[in-house]
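*Asks:* So that we are looking at the same thing, I have put the structure below in structure tokens.
Any read-out appearing in this document is the output of simple, stated calculations on the displayed coordinates, not a laboratory observation. Note that the structure is predicted; figures quoted are calculated from it, not measured. Positions of Cβ are generated from backbone atoms using ideal geometry, with glycine treated the same way; all protein chains shown enter the neighbour counts.
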Amino acid sequence: MTTPHYVTCPNCGEKRDASGRYTSPANREHDQRWWAEEHLSGRCVADGARTFTQDRISAALNRAADKVCALAPQDVRLGDAINLVANAALHILEFPDADLEAVVEAKYSEDVDTVLGWVRGGH
Ligand SMILES: [Zn+2]
């Protein structure tokens, strides 16, 4: 059994399993050629055309949300709002027409009125 062997693009940071364990030798060669042409060449960051995996976008949004929430740790409503923005951005990335109700249904275990009520306040 081949163990995963991850290589990281020095230009964009994208990771790739280079062990070839899920692919045929021909596909592996094709993947290596694509990696060299797309990533090692720097094309992945040329002309401002950068791509990010969903995991990287999610991690960046969550880190940003944590930093902003830390400015006012006592303000629970602000924290709920910031986290809702981060969750909504991730969901809307995949479903551009989604409304907040759809975001809450996809990302929270609580019901829609509860979660939106945290941000609406006034109760
Ligand atoms: Zn790259």
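*Asks:* Please list the non-local residues whose amide H lies under 5 Å from the amide H of A18, H modeled 1.01 Å from N, same-chain partners needing a gap of 5 or more.
*Replies:* Hits under the 5 Å cutoff: H5, Y6, V7.
*Asks:* Please identify which residues in segment 83-102 have an amide N closer than 16 Å to a label point set 7 Å out from the Cα of V112, following the Cα→Cβ vector.
*Replies:* 88, 92, 97-102
*Asks:* As an exercise, use a Förster radius of 22 Å and the Cβ-Cβ distance of T23 and Q54 to find the FRET efficiency, rounded to the nearest 0.05. Don't jump to the answer; show the numbers that get you there.
*Replies:* Details: r = 22 Å, r/R0 = 0.99.
Given R0 = 22 Å and the Cβ-Cβ separation, E is 0.50.
*Asks:* Round to the nearest 10 and give me the degree value, 0 to 90, for the angle of helix 54-69's Cα axis relative to the longest principal axis of the chain.
*Replies:* In the chain, helix 54-69 runs at an angle near 40 degrees to the longest axis.
*Asks:* Now for a different question. Which parts of segment 91-123 would a label at R77 reach, counting a residue when its backbone N lies under 13 Å from a point 7 Å out along Cα-to-Cβ?
*Replies:* Label zone hits: 117-123.
*Asks:* Please compute the contact order of the chain in relative form: average sequence separation of alpha-carbon pairs under 8 Å and at least six residues apart, divided by the residue count, as a percent. List each step's numbers first, then the result.
*Replies:* Numbers: 86 pairs, mean separation 18.7, N = 123.
Averaging sequence separation for qualifying contacts and normalising by length gives 15 percent for the chain.
*Asks:* Could you check how many percent of all C-alpha pairs in segment 14-123 are farther apart than 23 Å?
*Replies:* Numbers: 3015 of 5995 pairs.
Counting pairs separated by more than 23 Å, the tail of P(r) holds 50 percent.
*Asks:* Sort 102-114, 64-76 by packing, meaning the average of other beta carbons within 10 Å per residue, with the highest value first.
*Replies:* Details: 102-114: 14.1, 64-76: 12.3.
The densest-packed peptide leads the list: 102-114, 64-76.
*Asks:* To continue, here is another question. Please list, in order along segment 70-85, the HN-Hα scalar couplings obtained from phi with the Karplus expression 6.51 cos²θ - 1.76 cosθ + 1.60 (θ = phi - 60°), rounded to whole Hz, x for Gly and Pro.
*Replies:* Couplings: 5, 5, 9, x, 7, 8, 5, 5, 4, x, 4, 5, 4, 5, 5, 4 Hz.
*Asks:* Between T3 and K15, what is the spin-label point distance in nm, taking each point 7 Å from the Cα along the Cα→C-beta axis?
*Replies:* Placing both labels 7 Å along Cα→Cβ, they lie 1.5 nm apart.
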